[in-house]
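Okay, so here's the structure we're looking at.
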Amino acid sequence: MTATPLDRQTVLITGAANGLGRALASAFDKVGSNLILLDVNAEALEETARMLSRPASLHVVDLSDTAATAAAVSRIRETSPILHTLIHNAGYLVPKSYAAMEQEDWDRTFNVGVQAAHLLTKAWWNDWLQTGAAVIYVSSRSGIEGGKDHSAYVATKHALEGLVKVLGEEGRQAGIMVHTVTPGGYMRTPMSEQNHPIELRSKWVDAIRFAAGFLYLAERRDPTLSGQRLSAWELSEQHRGLYPALD
């Protein structure tokens, strides 16, 4: 199925108040997409909205609360029955050893990382089986390998990797393209500032440099990529020329 042009798409982005989420909101705004933006930080989400050239639909929701997430998804579904691209970028990381991990920490991490992805995807899945869509879950090296003191976070990213493999198969004939996307480079975000060693800071790149790859996936140009983990940096470097509005 042919994808809807970006300037006629409705795109939902979680974790849109800062970092990669804010950069993606800016990128999709520059190519004319209609935006639905979610975050728990109301003030920062409003700041993102003020940076855009057109009004966005803003939803302040704590994705770690599954009841609140389900209610927000229901409201969004009513007002935006047609959704072309879903980008689940939100994540929650509390660096703790597995021995020190509290159940509340584990639940919050999974609710943000996996349950929110499921609730958002499920809300439109049956529609997408008729129309096609792009579904992108932001992952990281934590979806590829383990890391000390990141047990819950690593488990959520591995869960998304598995879910994408299944949804990629189930949605393939309908034109639903599903991916996990890792940065593929050192990206400057509030999470990286809090959790990465200081010696990496000289290698950080602004999040907007990773955005072209997401635009490319939203256009569903290459069906063979569905069900795969991809590098945002590599995709962006390969296809940046398609999106002069980002320059």
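Here are the numbers for this structure:
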quantity	calculated
Flag for residue 31 being in contact with a helix residue (DSSP H, G or I) (Cβ under 6 Å, 6 or more places away or on another chain), more than 15 Å from residue 11 (Cα to Cα) and either at pLDDT 95 or above or among the charged types (D, E, K, R) (or both)	no
Hits in the range 63-111 (condition: in contact (Cβ under 8 Å) with a residue 60 or more places away in the chain, assigned to a loop (DSSP other than H, G, I, E, B) and not hydrophobic (A, V, I, L, M, F, W, C))	80, 84, 89, 91, 92, 95
Pairs where the first residue, in the range 217-231, is touching a residue at least 60 places away in the same chain (Cβ under 8 Å) and within 20 Å of residue 27 (Cα to Cα) and the second is small (Gly, Ala, Ser) and surrounded by fewer than 21 Cβ atoms within 10 Å (Cβ to Cβ), C-beta under 6 Å, 6+ apart	219/3; 220/3
Within the range 162-203, tally of residues that are at pLDDT below 95, surrounded by 16 or more Cβ atoms within 10 Å (Cβ to Cβ) and not small (Gly, Ala, Ser)	7
Residue within the range 11-28 that is touching a residue at least 60 places away in the same chain (Cβ under 8 Å), surrounded by fewer than 21 Cβ atoms within 10 Å (Cβ to Cβ) and over 20 Å from residue 207 (Cβ atoms) present	no
Any pair with Cβ under 6 angstrom, 6 or more apart, that starts in the range 43-61 at a residue that is closer than 15 Å to residue 23 by Cβ and among the acidic types (Asp, Glu) and ends at one that is at pLDDT below 95 and assigned to a helix (DSSP H, G or I)	none
Hits in the range 29-42 - residues which are touching a residue at least 24 places away in the same chain (Cβ under 8 Å) and not in a loop (DSSP other than H, G, I, E, B)	29, 30, 34, 35, 36, 37, 38, 39
Residue match in the range 39-58 (condition: out of contact with any Gly (no Cβ under 7 Å at 6 or more places or on another chain), within 30 Å of residue 146 (Cα to Cα) and surrounded by fewer than 23 Cβ atoms within 10 Å (Cβ to Cβ))	yes
Residue in the range 223-246 that is surrounded by the most Cβ atoms within 10 Å (Cβ to Cβ), counting only those that are under 19 Å from the mean Cα position of the chain (by Cα) and outside any helix (DSSP H, G or I)	226
Condition met for residue 140 (under 25 Å from residue 223 (Cα atoms) and crowded, with 20+ Cβ neighbours inside 10 Å)	yes
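The values are calculated or read from the model by the stated rules, or taken from the named source; none is laboratory data. Because the structure is a prediction, the values reported are computed rather than measured. Cβ atoms come from the backbone with ideal geometry, glycine included; neighbour counts cover every protein chain shown.
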